[in-house]
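Working notes, beginning with the structure itself.
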Amino acid sequence: MKIAIFPGSFNPFTKGHHDIVCRALTIFDKIVIGIGYNPDKPQPEDFQERLQQIKTLYDKDSRVEVEAYNDLTIDFAKRHNATAIVKGVRSVQDFEYERTQAEYNKMLSDGIETVFLFANPIYASLSSSLVRTLKTFGKDISDLLP
C-alpha cells in the first residue's frame, strides 16, 4: 500500500487543499492529512474545531485519515509508514521553500520522497492567510472552503 502524508497548518483548509488531496488519491492508496504545529504561524484557539471539520469532510472516505502532530513532519511520515510527502505548490516562492524542506526530509529519512503537485490554476492565488484576512473583515469565505 502506498501511503503519503499531506502536512500543513491548514488554517483554514481551503478548496485548494481539498483539490490536492483528491489528486493525490489518484497516485497513492492512502493520504494522511497531518495538521502540524508551526511555531512561525499563529495557532488559533479553534485548532480542535479545525481538526474536526477536516475529519468530517473525509469521514466517508476510508482512504483519508486526519490527525494532529507536533513533531517533525518526517517523524510523522515515518510513524505512518509513508513513502511520500505530498505538497501543493502555487508559485516559485512556494517551490523554493518546499524544495528546501524536501531536501532536509530526504536527508533525515531513508528515502521518503516529496511529491509536488502544482496548484490547479483556479486555486493558484488562494491562500489560507488571504482567507483569514477576508474572514477578519467580515467577508463571506464560504466559496473558498470545501
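The values are calculated or read from the model by the stated rules, or taken from the named source; none is laboratory data. In this text the structure is predicted, and so the values were computed from the model without any measurement. All Cβ positions, glycine included, derive from the backbone under ideal geometry; neighbour counts span all protein chains shown. Note: accessible area is taken over every heavy atom of the protein model, side chains too, but ligands, DNA and RNA are not part of it. Shrake-Rupley method; radii C 1.70, N 1.55, O 1.52, S 1.80 Å.
Computed quantities for the displayed model
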quantity: Subset of region 60-79 (residues that are at pLDDT 95 or above, surrounded by fewer than 17 Cβ atoms within 10 Å (Cβ to Cβ) and not charged (D, E, K, R)); calculated: S62
quantity: Residue match in region 25-32 (condition: buried (at least 17 other Cβ atoms within 10 Å of the Cβ) and under 12 Å from the mean Cα position of the chain (by Cα)); calculated: yes
quantity: For K55: the one exception among (1) modelled with pLDDT under 95; (2) not in a loop (DSSP other than H, G, I, E, B); calculated: (1)
quantity: Candidates F6, F10 - the one that is surrounded by 15 or more Cβ atoms within 10 Å (Cβ to Cβ) and either in a loop (DSSP other than H, G, I, E, B) or out of contact with any helix residue (DSSP H, G or I) (no Cβ under 9 Å at 6 or more places or on another chain) (or both); calculated: F10
quantity: Residue in region 33-43 that is at pLDDT below 95, closer than 25 Å to S125 by Cα, outside any helix (DSSP H, G or I) and of a type in the set (S, T, Y) present; calculated: yes
quantity: Failed item, numbered, when Y104 is tested on (1) under 20 Å from Y37 (Cα atoms); (2) touching a strand residue (DSSP E or B) at 6+ places or on another chain (Cβ under 8 Å); calculated: (2)
quantity: Qualifying residue in region 16-24 (condition: modelled with pLDDT of 95 or more, in contact with a strand residue (DSSP E or B) (Cβ under 9 Å, 6 or more places away or on another chain) and surrounded by fewer than 18 Cβ atoms within 10 Å (Cβ to Cβ)); calculated: yes
quantity: Count - residues of region 88-115 that are closer than 19 Å to N11 by Cβ and in contact (Cβ under 8 Å) with a residue 40 or more places away in the chain; calculated: 2
quantity: Output for region 106-123, where each listed residue is assigned to a helix (DSSP H, G or I), modelled with pLDDT under 95 and open to solvent by less than 80 Å² (accessible area, probe 1.4 Å); calculated: none
